[in-house]
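**Q** Questions regarding the structure given below will be posed in turn.
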Amino acid sequence: MEGQAVKAGFDFLGIYGFFDGLMPESLDWLAFLVAGFILAFAIINALVVSTAVYTWFERRALGKFQSRLGPNRWGPFGLLQPIADVVKFMSKEDTVPDGADRQVFTLAPIVFVATGFLVFALIPLGSNDWLSRLNIGLVFIIAVTSVNTLAIFMAGWSSRNKYAMFGAMRGVAMLISYEVPMALAIAAVALASQSLSTYTVVTNQEVPFMLVMPLAFFIFVAAASAEMSRTPFDLIESESELGSGYHTEYSGMKFALFQLAEFMAPIIVSCIVATLFLSGWRGWGPIPGQVWFILKALVVLCALLWFRATWPRLRVDQIMEFAWKGLFPLSLLNLFAVATEIQLLRDPVTGALTDSDMWAMAAINWAITGIVFLAVSRMFARKQLQRPLPKPSPLANMGAEAE
Amino acid sequence: MFRLRVTFDGEVVLDVEPVFGYLHRGTEKLAEERTYVQVVTLTDRLDYVSAMTNNLAYVRAVEKLAGIEVPERAKYLRVISSELQRIASHLIATGFLLQELGAFATPLMYCFRERERILELFEMLCGARITVSYMRPGGVLQDAPEDFWPALDELVKAMPQYIEELEGLITSNEIVLARTKDVGVLTAEKAINASVTGPMLRATGVQWDLRKADPHEVYDRVEFDVPIGAIGDTYDRYLVRVQEMRQSLRIIEQCVKQIPKGDIRSRTAYFIRPPVGDAYGAVESPKGELGFYLVSDGGIAPYRCKIRSPSFINLTVLRDLLAGWKMADLIIIFGSTDIVLGEVDR
Amino acid sequence: MYGAGMAKGLLVTMKNFVKPDRMFTVQYPDRKVSPTELAKMSGVGVFTFMRKNPKTAFKAMTGQMTVPARLKQHPRFRGEEFTWYEQRCTGCASCAKYCPLGIIRIVTSPSGEQVQEGQKYHLDVFDIDIGRCMFCGLCVEACPYDALHMGSGFEEGKYRRKDLVVTVDRLKSQPKHPSTWFRPQIQGKEGYHPHGEKDVTWQEAGRHEQPSRKHQEEKWAKR
């Protein structure tokens, strides 16, 4: 199961090794701390800058989908637009509503942003990445993304505004419903890779799990879209319905933090999907692992953007229905199927899974997915698309032909 | 500019009270101080999304009142501009319905892009895109320039493919179906009792179109169908509007083939003085039946001009339509009634 | 198949993303140009242009060069300005009478010209308040001598409301590029476009010539 030795572009071990050599033996932990701090600093900065660039990218891509130009005034091709946005946010007055809970009000955007950064600590960026080797990685991901919910509720509650509260309640209901299918999909991944560490998930992923467990992939992407409140599940920021939802009362830099977190979420989710389902930094040839990882994350990001540009949004009760009556049974089915296959196919002595086992699982899972989709189509599509033929009402007519 | 006071129970709508009047400009009173030709410029601004049909309704009323004949070519030009205006107005209705559904402006931008082509045609005809003032009692103002006819042909060829694309994006989309199917059902009896007209009425299954019931201009010489819906929900209203766009294209094609050469405006006085009396002229505007009731006392200005605006009357069924639905549906049902505040408030 | 409608929608959006002729935005008042366009505009090859003006070429490549862009308008566009020929105007004030808003103000005085034909008045005051005008063109429709025409420009923004009143001096000194709205004689003119360079003289602007002095004498004086 050793992965192909892909040449790492940036040698992670380098920093650790450097500091390790510098410090005396007893201060080993200090070397790890300092090296980790430097790497974390670099990653957080890279994440924030890439979020800023992603805002530009999303606006221009949405413009292209909608036959218009996106931002194109500031800088060549509008590349300095994020800087203009930041200047705008900084120059706005930072209002706190009268009677609002001040500490919670200030803390909410910070919590929202911090969870995003935390998740990124677990994404392996290369084959010798030592920072992401937490042995309970997947559980950590699920736990930290749940704190999102808390941040939204804090924002809505502390604003002392009934519309914000309304939006926050709906948001919380949606988010906690979608955590269950997400966790179950991750559980299936954990079973197939036989460990909870994200690093091991990638090294054990000779065959991308998207091919092995297409149902889990679909469930995870749908649940993660809902967690990020992106279309078609973006009811909590539906401007046409609710003013502005949970961030109505925010302005200035606090609002900028909300926007940062909102635009960081797709990037993080794409990285997680690339790690868990598309086999992370694995690739072929002379191209280093980091580039493969970025390419895969970009593909997922562009797909999420495409969905956002095309589909309208669902209503609150339809979203809950989709979660509890749609995704939850599917994720249970998926978990059950994967667990059964692993139990049957794995080596009875070592308990390991080989490549050919994975391909066998892939074949069975695709068959199951196909059957499930056909069954769902049979049950729902006929009900959905069935409409009676229009008949002219006898109440008034002009004797003209019917359509 | 429209306020809806809604009483909620959790998320369910209990009662609805529309408050409007924010756009009231006193059109009916102003019309008493303007001559009959000057009032045409006032009528542009009623339903600002479909100005040609407003002009046509008013000018029909004046012609009935004063007994003015309209030459053939003018009639064909009037029908062509009305149908083009119908397509433009339905594009806006569809685009905004989807914007309220939350499709993040993509279908809205597509609809506006196509509407731009129609507005360019209007610019060729009469110099302005939206406030056209194109019709006059006795005909139309100006003949179409030579580059109008090739541009119109191009539009008529390109539009069906574009409407197909729009339908592909929306009609069978499961999310749209889930949101709009069986939402906001209006029964045929309720619609007729409330004198609702236009696509809202036709979506309930009643086949009533003023272009066939009371044909004016050349509507009796062109063939077209009147699309109706089955149930009267939001999805039906959307479907009826899209099919009406197709039928309008059919009418335009036939008019372009049939249009004769000739005069475009019969000679009338600058200041028309109709005999004492009254007249009611109505057309099928994209929103419903738009009617003008003019009373004349023999002078150069109407004594009274009463406007029967379809959006105002379609509004009156809102309480029945909305009761019992959730907040998200409220926005969609309201969007599908397609009211324009300029008409409601006059 | 459940989900087929959503997939069809995705294809439609992708089609609009990929096709280059779907981009509909018109940039105004200026748009960014690339070095190839600049070279084509100055009529030289690309590399010659880049060699001769290195700084401009560099700015164009990084997307900072702009050229003024005009919106495409039909010659019949009813703009926000007026074109007035004082040689044709007799001060009859039909335009003021016909305006629905009553924003044209005309004060005339006898000028002593063309007394035989009915005396052309001299216009002391001819104010059109563009701040209130709705550009309906009824005044242009009313003018019996084809002296007043609509213009084609629309960049009339000013900082004070009283600057929005167009006075007779401005109307006299403005370049004459009338729009062809309700003026079939100007529309029929070969190759005329309001944004072009050609002026329209006062003789060409009307539907018919003013009768000559000799003709008038023969018709009326020497009967």
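The rows are residues; the columns are (1) among the acidic types (Asp, Glu); (2) at pLDDT 90 or above; (3) in contact with a Leu (Cβ under 6 Å, 6 or more places away or on another chain); (4) on the phi > 0 side of the Ramachandran plot.
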residue	(1), (2), (3), (4)
A:ALA192	no, no, no, no
A:THR198	no, no, yes, no
A:THR203	no, no, no, no
A:GLU206	yes, no, no, no
A:MET213	no, no, no, no
A:PHE217	no, yes, no, no
A:VAL221	no, yes, no, no
A:MET228	no, no, no, no
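**Q** Hey, which of the helices (runs of 4 or more DSSP H) in the range B:125-200, taking only ones fully inside, have at least 1 residues that are farther than 26 Å from B:ALA282 by Cα?
**A** Working: elements: B:148-170, B:174-180, B:188-193.
Per the criteria, B:148-170, B:174-180.
**Q** Here's a follow-up. Run A:ALA173 past the list (1) outside any helix (DSSP H, G or I); (2) of a type in the set (Gly, Ala, Ser); (3) at pLDDT 85 or above and report the number of the one that doesn't hold.
**A** (1)
**Q** Next question. Which fully enclosed strands (runs of 3 or more DSSP E) of the range B:252-332 have 1 or more residues being within 14 Å of chain A (Cβ to nearest Cβ) and farther than 21 Å from B:GLY21 by Cβ?
**A** Details: elements: B:277-285, B:288-296, B:304-308.
Strands (runs of 3 or more DSSP E) meeting the threshold: B:277-285, B:288-296.
**Q** Out of all the residues in the range B:113-127, which are surrounded by fewer than 20 Cβ atoms within 10 Å (Cβ to Cβ), within 24 Å of C:VAL12 (Cα to Cα) and either facing another protein chain (nearest Cβ under 9 Å) or more than 19 Å from the chain's Cα centre (by Cα) (or both)?
**A** Of everything in the range B:113-127, just one residue is surrounded by fewer than 20 Cβ atoms within 10 Å (Cβ to Cβ), within 24 Å of C:VAL12 (Cα to Cα) and either facing another protein chain (nearest Cβ under 9 Å) or more than 19 Å from the chain's Cα centre (by Cα) (or both), namely B:GLU116.
**Q** Could you please let me know if B:ALA103 is within 25 Å of C:VAL26 (Cβ to Cβ) and either out of contact with any Lys or Arg (no Cβ under 7 Å at 6 or more places or on another chain) or among the acidic types (Asp, Glu) (or both)?
**A** Spelling it out, B:ALA103 is indeed within 25 Å of C:VAL26 (Cβ to Cβ) and either out of contact with any Lys or Arg (no Cβ under 7 Å at 6 or more places or on another chain) or among the acidic types (Asp, Glu) (or both).
**Q** Now for a separate question. So A:VAL349 fits all but one of (1) in contact with a helix residue (DSSP H, G or I) (Cβ under 8 Å, 6 or more places away or on another chain); (2) not in a helix (DSSP H, G or I); what number is the exception?
**A** It fails just one condition, (1).
**Q** Quick test for you: out of A:LEU47, A:LEU69, pick the one residue that is touching a residue at least 24 places away in the same chain (Cβ under 8 Å) and buried (at least 16 other Cβ atoms within 10 Å of the Cβ).
**A** From the options A:LEU47, A:LEU69, the qualifying one is A:LEU47.
**Q** Further, regarding this structure: If you scan the range C:13-28, which residues turn out to be facing chain B (nearest Cβ under 7 Å) and at pLDDT 85 or above?
**A** Selection gives C:THR13 alone.
**Q** Please go through (1) more than 13 Å from every other protein chain (Cβ to nearest Cβ); (2) buried (at least 16 other Cβ atoms within 10 Å of the Cβ) for C:HIS149 and return the number of the only condition it doesn't satisfy.
**A** If we test C:HIS149 against (1) more than 13 Å from every other protein chain (Cβ to nearest Cβ); (2) buried (at least 16 other Cβ atoms within 10 Å of the Cβ), just (1) comes out false.
**Q** Does the range B:4-35 hold any residues that are within 22 Å of the chain's Cα centre (by Cα) and either within 14 Å of chain C (Cβ to nearest Cβ) or on the phi > 0 side of the Ramachandran plot (or both), and which are they?
**A** Those that are within 22 Å of the chain's Cα centre (by Cα) and either within 14 Å of chain C (Cβ to nearest Cβ) or on the phi > 0 side of the Ramachandran plot (or both): B:GLY21, B:ARG25, B:GLY26, B:THR27, B:ALA31.
**Q** With respect to the numbered conditions (1) under 18 Å from A:ARG170 (Cβ atoms); (2) not in a loop (DSSP other than H, G, I, E, B), which one is the sole condition not fulfilled by A:GLU249?
**A** Unmet for A:GLU249, out of (1) under 18 Å from A:ARG170 (Cβ atoms); (2) not in a loop (DSSP other than H, G, I, E, B): (2).
Table: residues versus (1) assigned to a helix (DSSP H, G or I); (2) farther than 30 Å from C:ALA221 by Cβ; (3) more than 14 Å from chain B (Cβ to nearest Cβ).
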position: C:GLN73; (1), (2), (3): no, yes, no
position: C:GLU86; (1), (2), (3): no, no, yes
position: C:SER109; (1), (2), (3): no, no, yes
position: C:GLY131; (1), (2), (3): no, yes, yes
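**Q** Looking only at the range B:205-251, count every residue that is assigned to a loop (DSSP other than H, G, I, E, B), more than 8 Å from every other protein chain (Cβ to nearest Cβ) and farther than 27 Å from B:LEU108 by Cα and tell me the total. Break it down into steps so the answer makes sense when it comes.
**A** Kept after step one, since they are assigned to a loop (DSSP other than H, G, I, E, B), are these residues of the range B:205-251: B:205-206, B:208-209, B:214-233.
From the residues that got through so far, the ones that are more than 8 Å from every other protein chain (Cβ to nearest Cβ) too are B:214-224, B:232-233.
Narrowing the set further to residues that are farther than 27 Å from B:LEU108 by Cα leaves B:214-224.
Counting residues in the range B:205-251 that are assigned to a loop (DSSP other than H, G, I, E, B), more than 8 Å from every other protein chain (Cβ to nearest Cβ) and farther than 27 Å from B:LEU108 by Cα gives 11.
**Q** Looking at (1) within 11 Å of another protein chain (Cβ to nearest Cβ); (2) modelled with pLDDT under 90; (3) more than 20 Å from the chain's Cα centre (by Cα), which is the one condition that is false for B:PHE148?
**A** The single condition B:PHE148 does not satisfy is (2).
**Q** Another one. Of all the residues that make up the range A:297-318, how many are crowded, with 21+ Cβ neighbours inside 10 Å and either touching a Ser or Thr at 6+ places or on another chain (Cβ under 8 Å) or under 24 Å from A:LEU374 (Cα atoms) (or both)?
**A** Number satisfying all stated conditions: 11.
**Q** Only one of these conditions is not met by B:LEU77: (1) farther than 30 Å from B:SER266 by Cα; (2) touching a strand residue (DSSP E or B) at 6+ places or on another chain (Cβ under 7 Å); (3) not acidic (Asp, Glu). Which number is it?
**A** With respect to (1) farther than 30 Å from B:SER266 by Cα; (2) touching a strand residue (DSSP E or B) at 6+ places or on another chain (Cβ under 7 Å); (3) not acidic (Asp, Glu), B:LEU77 is out only on (1).
**Q** Now for a separate question. Can you find a residue that is of a type in the set (Asp, Glu) and modelled with pLDDT of 85 or more anywhere in the range A:310-329?
**A** Looking for residues that are of a type in the set (Asp, Glu) and modelled with pLDDT of 85 or more, one finds at least one in the range A:310-329, hence yes.
**Q** Right, B:LEU318: under 30 Å from B:ARG221 (Cα atoms) and crowded, with 18+ Cβ neighbours inside 10 Å or not?
**A** Spelling it out, it is not the case that B:LEU318 is under 30 Å from B:ARG221 (Cα atoms) and crowded, with 18+ Cβ neighbours inside 10 Å.
**Q** Also, quick follow-up: With among the acidic types (Asp, Glu), at the interface with chain C (Cβ under 9 Å from one of its Cβ atoms) and either under 23 Å from B:ALA328 (Cα atoms) or touching a Pro at 6+ places or on another chain (Cβ under 9 Å) (or both) as the only criterion, which of B:GLU100, B:GLU174 stands out?
**A** B:GLU174
**Q** If the requirement is being at pLDDT 85 or above, more than 14 Å from every other protein chain (Cβ to nearest Cβ) and buried (at least 23 other Cβ atoms within 10 Å of the Cβ), which of these qualifies: A:ALA261, A:ALA187?
**A** Exactly one of A:ALA261, A:ALA187 is at pLDDT 85 or above, more than 14 Å from every other protein chain (Cβ to nearest Cβ) and buried (at least 23 other Cβ atoms within 10 Å of the Cβ), namely A:ALA261.
**Q** So, in the range B:245-294, of the ones that are surrounded by fewer than 18 Cβ atoms within 10 Å (Cβ to Cβ) and among the acidic types (Asp, Glu), which residue ends up nearest to B:ARG202 (Cα to Cα)?
**A** B:GLU253
**Q** Can you pull out the residues in the range C:57-79 that are modelled with pLDDT under 80 and surrounded by 16 or more Cβ atoms within 10 Å (Cβ to Cβ)?
**A** C:ALA57, C:LYS59, C:ALA60, C:GLY63, C:MET65, listed by residue number.
**Q** Determine whether B:ILE80 is without any contact (Cβ under 8 Å) to a residue 60 or more places away in the chain and not aromatic (Phe, Trp, Tyr).
**A** It is false that B:ILE80 is without any contact (Cβ under 8 Å) to a residue 60 or more places away in the chain and not aromatic (Phe, Trp, Tyr).
**Q** Also, I was wondering about something else. Just checking, does the range A:239-246 include any residue being out of contact with any Lys or Arg (no Cβ under 6 Å at 6 or more places or on another chain), over 18 Å from B:PHE104 (Cβ atoms) and buried (at least 23 other Cβ atoms within 10 Å of the Cβ)?
**A** Yes, that holds for at least one residue.
**Q** Another question, then. Just name the residue that is farthest from B:ASP143 (Cα to Cα) out of those in the range C:188-206 that are out of contact with any Pro (no Cβ under 8 Å at 6 or more places or on another chain) and touching a residue at least 60 places away in the same chain (Cβ under 8 Å).
**A** It comes out as C:TRP202.
**Q** With the requirement that a residue be surrounded by fewer than 19 Cβ atoms within 10 Å (Cβ to Cβ) and in contact with a Ser or Thr (Cβ under 6 Å, 6 or more places away or on another chain), what does the range A:98-132 give you?
**A** A:ALA100, A:ASP101, A:VAL104
**Q** Among the residues of the range C:140-172, count how many are hydrophobic (A, V, I, L, M, F, W, C) and out of contact with any Phe, Trp or Tyr (no Cβ under 6 Å at 6 or more places or on another chain).
**A** Count: 5.
The values are calculated or read from the model by the stated rules, or taken from the named source; none is laboratory data. Please read all numbers here as calculations on a predicted model, not as lab measurements. So basically every Cβ, Gly included, is an ideal-geometry build from the backbone, and we count neighbours across all protein chains shown.
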